[in-house]
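Worksheet: one structure, shown below.
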Amino acid sequence: VISVEEAQRIIRENVAKASIIECKIQDALGLVLAAPILAKQPNPPFDASSVDGYAVSLKSFDALKSGEAIALRVAGEFEAGAHRPSRFIPKVTFRIFTGAQVPKGADAVVMQENVVRKNDLAYFTAMPQLGANIRPHGGEFQKRTKLFEEGTRINPAVLGALAGFGFAKVKVYARPHVAIVVTGNELRPPGTRLMPGQIWDANSSTLLAMLEALGFQSVKVFRARDTVKDVLRAFRKAQKIADVVVASGGVSVGDHDLVRPALEQLGVQQLFWRIRMKPGMPIYFGKTSGKIVRNRKCVFALPGNPVSALVTFQLFVREALLQMMGSTTIASRLDARLMQSITKSHARREYVRGLFDWRGGALYVTPLNLRESHMMSGIANANCLIEVPEETTLLEADSQVRIHPLQWTAY
Ligand code: AMP
Ligand code: MG
């Protein structure tokens, strides 16, 4: 039985980055850049107006006296996307709109709110500042500027920036192929009637949803009854299509916990089994020997209790998948002030479900009561896990505790 940190180290040492692929930016949300991105061209790509108004040359204002207005003839109009004229005629102004290219020779744009317009004349009462309301060509960056480092996670803002800077495809680390194996004779799909002794299957849905939140789509679920034959069959099928198999149930010490013997029979080498933690102690991690693929095929067998499956996925499987996808950052942890005391009587690290919130600039966390590993309603109403150290039996109210926000997405 090892510690959480030892388990995380073993995972880190045994997973490698997936292969590099080129993909459309629409498909890149949550993936990590495998190469830096250099600007194709300066941005903005031309001098552009940042307001609706009138493009002027400051020279036209030489005759301006205080208290009087000068009149300039409106010689044309430019909307966004229009081609600009080659030359700016002195002593005139051009009507211009936000995003339109500023005509050559104009050195300021006056907001329309500060201009009085009568027919084809525009009246100005103040000398504009040089460059006012013009976004200059290259003002944000020049050609070949490094915009993003290798290792950047593509969140919606990065994705939008890539689009805005003209990139339709990017080089990223691929997602590994994942499959799910769910074991248990007692399981029935939600929406069906239960016979005595049966329960509705929560874990298929939880695992699928957590994978989907990380961008894994159409993941296959293989179901097995608690027989050696069935469990073997499900893992064989899953391993055929997946680099990473995530299983639920059957990994504890009962007579019907057949997952470890089955994996052994399939040549999967155990890297760890059981972590000093609650929930989730019986989690198993193994890898297939023999086949050399970039990722090495691996298996996470999670405990069947729904909270255990969710928490172990979050702390171990999610991290492993993100590492394979090229991510080097680890999930965020925060310190918060505990609103109510927590006691425990075992020597494992406990992850108590909690609700954190900011109040008056400080972070507070309230532990939730439903602490047992089968109590999904507890974690479903939480937004974080509160870490209670192995040796601790009492965390007093008002003390500082470490929390792990439940973050579902890959960015
Ligand atoms: P196991 O790890 O197979 O010994 O299961 C531990 C507990 O979790 C048992 O009470 C199971 O009935 C329950 N359980 C196992 N799989 C699921 C599942 N997919 N959905 C909900 N509960 C489950
Ligand atoms: Mg079971």
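The values are calculated or read from the model by the stated rules, or taken from the named source; none is laboratory data. Keep in mind that what you see is a predicted model, and the values were worked out from it rather than measured. Because the Cβ atoms are built from the backbone with ideal geometry, glycine has one as well, and the counts that use them run over all protein chains shown. Please note that ligands, DNA and RNA were not included when accessible areas were found on the heavy atoms of the full protein model with its side chains. Shrake-Rupley method; radii C 1.70, N 1.55, O 1.52, S 1.80 Å.
With Cβ to Cβ distances under 12 Å as the rule, what net charge do the other residues near PRO136 carry (K, R +1; D, E -1)?
On the way: positive: ARG135; negative: ASP47, ASP107, GLU140.
Around PRO136, the surrounding residues sum to -2.
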Not counting ligands, DNA or RNA, and with a 1.4 Å probe, what is PHE222's accessible surface area in Å² rounded to the nearest 10?
30
With a ≥ b ≥ c from the Cα gyration tensor eigenvalues, square-rooted, and the rule rounded for a/c under 1.5, otherwise prolate when a/b > b/c and oblate otherwise, the range 168-266 is oblate
When all C-alpha to C-alpha distances in the chain are sorted into bins of 20 Å, what percent of pairs does each bin hold, rounded to whole numbers?
22, 37, 22, 16, 3
Student exercise: in the range 105-226, how many lysine pairs 8 or more apart or on different chains have Cα atoms under 20 Å apart?
4
Accessible area per residue, Å², the range 1-46 with all protein chains present, probe 1.4 Å:
50
Let me cross-check SER289: its accessible surface, 1.4 Å probe, with only protein heavy atoms counted, in Å² to the nearest 10?
70
Leaving out ligands and nucleic acids, note down the accessible area per residue over the range 234-276 with a 1.4 angstrom probe, in whole Å².
47
Computed over the chain: longest principal axis from alpha-carbon atoms vs helix 203-213 long axis, angle to nearest 10 degrees, is 20
Considering only DSSP beta bridges with both partners in the chain, what is the antiparallel share in %, to the nearest 5?
70
As I understand it, the value is the acute angle between the Cα axis of helix 228-241 and the longest principal axis of the Cα atoms of the chain; what does it come to in degrees, rounded to 10?
20
Listed by chain and number, the lysines with an alpha carbon less than 23 angstrom from that of LYS278, same-chain partners under 8 positions apart left out, are LYS344
Proximal charge balance of ASP120 [Cβ under 15 Å; K/R count +1, D/E count -1]:
+4
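Let me check I've understood the local charge: for LYS220, count other residues with C-beta under 12 angstrom from its C-beta, Lys and Arg +1, Asp and Glu -1. What total comes out? Mind showing how you got there, number by number?
On the way: positive: ARG223, LYS237, LYS240; negative: none.
Value of the local net charge: +3.
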Using the basic label-point model (7 angstrom from Cα toward the beta carbon), what is the GLU13 to GLN129 distance in nanometres?
6.0
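Using a 1.4 Å probe on the protein heavy atoms, what percent of the accessible area of the chain belongs to carbon and sulfur?
Of all accessible area on the chain, carbon and sulfur atoms account for 51 percent.
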